[in-house]
Amino acid sequence: MRRNAIVLVVSSLIGSSAWAEQPPKKPYSEAFDNCMDLAAGVTSAMVSCANDEYRRQEDRLNEAYLKVMAAADPDQKEELRAAQHAWIAYRDTSCPLMRALAVGSMGPVLSSSCLLQSTSERVKYLRTLEILLTGEVSSTP
């Protein structure tokens, strides 16, 4: 229910025509897609691809976080800082757990995929916060 409310708020802020004009964005870079194609199912190559894309997503995360912090008032900044630290702790304990629980060579793949996916999702979340704070849609992908 809360998610629907956020979508409604964001949609009203940027207008429905903005959503219709933009094609759906892929969560990861073209370089990642190409790398995974070349990996051809080889575990170590897939992990390397995911780690490279994770670094790209970390850059996007840091950029999004700085934009949200710049738009926030002092009280909001403290809340955002606390939330970000809590999210980092969650990510950094949850994803390695997947590696520990997986059987065989899938552990590293699952762990790196978890880091990549959770970081990409956090970027989307921070961009939503930016829209809520500024009423503007960021031009960066």
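The values are calculated or read from the model by the stated rules, or taken from the named source; none is laboratory data. In this text, all values refer to a predicted model and were calculated from it rather than measured experimentally. With ideal geometry, Cβ positions are generated from the backbone for all residues, glycine too; neighbour counts draw on all protein chains shown.
V137 fulfils the conditions (1) modelled with pLDDT of 90 or more; (2) surrounded by 12 or more Cβ atoms within 10 Å (Cβ to Cβ); (3) among the aliphatic types (A, V, I, L, M) except for a single criterion, (1).
Any residue that is among the basic types (K, R), touching a Lys or Arg at 6+ places or on another chain (Cβ under 9 Å) and assigned to a helix (DSSP H, G or I) - is there at least one of those in region 62-78? Yes, region 62-78 contains at least one residue that is among the basic types (K, R), touching a Lys or Arg at 6+ places or on another chain (Cβ under 9 Å) and assigned to a helix (DSSP H, G or I). Looking across region 121-134, just one residue is surrounded by fewer than 17 Cβ atoms within 10 Å (Cβ to Cβ) and basic (K, R), and that is K124.
Every condition in (1) under 16 Å from the mean Cα position of the chain (by Cα); (2) under 19 Å from F32 (Cβ atoms) holds for S48 except the one numbered (1). Residues in region 23-34 that are exposed (fewer than 10 other Cβ atoms within 10 Å of the Cβ), at pLDDT below 90 and not basic (K, R): P23, P24. Restricting R55, R91 to those that are farther than 15 Å from T128 by Cβ, under 14 Å from the mean Cα position of the chain (by Cα), exposed (fewer than 15 other Cβ atoms within 10 Å of the Cβ) and modelled with pLDDT of 90 or more reduces the list to R55.
Among the residues of region 98-120, those that are loosely packed, with under 13 Cβ neighbours inside 10 Å and either part of a helix (DSSP H, G or I) or of a type in the set (D, E) (or both) comprise A100, L101. A31 fulfils the conditions (1) in contact (Cβ under 8 Å) with a residue 12 or more places away in the chain; (2) in contact with a helix residue (DSSP H, G or I) (Cβ under 6 Å, 6 or more places away or on another chain) except for a single criterion, (2). Check whether at least one residue in region 35-52 is buried (at least 16 other Cβ atoms within 10 Å of the Cβ), within 19 Å of Y125 (Cα to Cα) and of a type outside the set (D, E, K, R), and report yes or no. Scanning region 35-52, I find no residue that is buried (at least 16 other Cβ atoms within 10 Å of the Cβ), within 19 Å of Y125 (Cα to Cα) and of a type outside the set (D, E, K, R), so the answer is no.
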